[in-house]
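K.L.:
If you scroll down you'll find the structure; I have some questions about it.
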Amino acid sequence: MSDHLKRLAAEKAAELELRSGMKLGLGTGSTAKHFVDIVGERIRAGETYLCVPTSEATRLQAESLGIPLTTLDDIGEIDLTVDGADEFDPALNLVKGAGAAHLREKMVAINSKRMIVIADASKKVVQLGAFPLSVEIVQFAHGTTSRAVAKAFAAEGIAVETRLRKAKDGTALVTDNGNFVLDCVNSGIANPAALAARLDGIPGLVEHGLFVGLCSAVYLGSEEGVAVIGKSP
Ligand code: 5RP
């Protein structure tokens, strides 16, 4: 999607959702980046926000914009978290993690009164799974964990190929938390909650990118404007 549509979605979310004084969770990725820019603009215009970033990349961006930051431990409950997504379905279940930030993103989302997604039409799907599911795993015995992940998909009747995500230099990508990521290319996730429950039970699996029942609304940018799907603020 063009950067212009990402910005439009972020602007509409800011217009309808932001109120000075809020505690915010700041998402990660090329769409969430626009929302962080807007929070920076609002702060320069005199509004106040206290924010928790969901990745080191977002922390660096927010710091460069002079956005006041704190930690999830210190902030208490967050009013609003705004993030991107790789896919969302009609029930607003999400696949996240292409930026390898889904562990912190989920921890921040779960500790938020409201979590919303900004996205473009390419992220809207009837069923999750066209995009590979990101799964963060510990480095120790990652091959064993990878096989357990494949079994969990198989138990749900889903064909899967698990690939260890590589960094640009060809070595295994290491997340902000020191872990590896599996990209699970799959045949489609008919029951996201059931697959999530199976994945949650695997020792060595730190967090998967299925966000079930966490997202309240999606701001969907298109050339026709921004549609709001889900619950209004
Ligand atoms: C990072 C994420 C991102 O929010 C997701 O990958 C969407 O990114 P983008 O806005 O660049 O398409 O989950 O872990």
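K.L.:
Say R0 is 25 Å: what FRET efficiency, to the nearest 0.05, do E47 and D3 get from their beta-carbon distance?
P.N.:
0.55
K.L.:
Considering only protein heavy atoms, with the full assembly of protein chains and a 1.4 angstrom probe, order E11, E161, E223, E87 by accessible area, largest first.
P.N.:
E223, E161, E11, E87
K.L.:
Return, ordered by residue number, the residues of the range 33-54 whose backbone nitrogen is under 12 Å from a label point located 7 Å along Cα→Cβ of S20.
P.N.:
42-49
K.L.:
While we're here: When only Cα pairs under 8 Å and 6 or more residues apart are kept, what is the percent relative contact order across the range 133-206?
P.N.:
Contact order relative to length: 45 percent.
K.L.:
What's the extension gain from A121 to L173 if we count 0.36 nm per residue and subtract their Cα-Cα distance?
P.N.:
Answer, rounded to one decimal: 15.9 nm.
K.L.:
Also, I was wondering about something else. Report in % the part of the accessible area of the range 133-206 that belongs to carbon and sulfur, leaving out ligands and nucleic acids; probe 1.4 Å.
P.N.:
That fraction is 54 percent.
K.L.:
Can you work out the accessible area per residue across the range 133-206, with the rest of the protein chains kept in place, probe 1.4 Å, in square angstrom?
P.N.:
The answer is 50 Å² per residue.
K.L.:
Given Cα pairs under 8 Å that are at least 6 residues apart, what percent is the relative contact order of the chain?
P.N.:
Value for the chain: 23 percent.
K.L.:
I would also like to ask the following. For N191, project a label point 7 Å along Cα to C-beta. Then give me every residue of the range 93-122 with its amide nitrogen under 16 Å of that point.
P.N.:
none
The values are calculated or read from the model by the stated rules, or taken from the named source; none is laboratory data. Because the structure is predicted, anything quoted here is derived from the model rather than measured. Counting neighbours? That spans all protein chains shown, and the Cβs are built from the backbone with ideal geometry, glycine included. We work out accessible area using only protein heavy atoms, side chains counted, and drop any ligands, DNA or RNA first. Shrake-Rupley method; radii C 1.70, N 1.55, O 1.52, S 1.80 Å.
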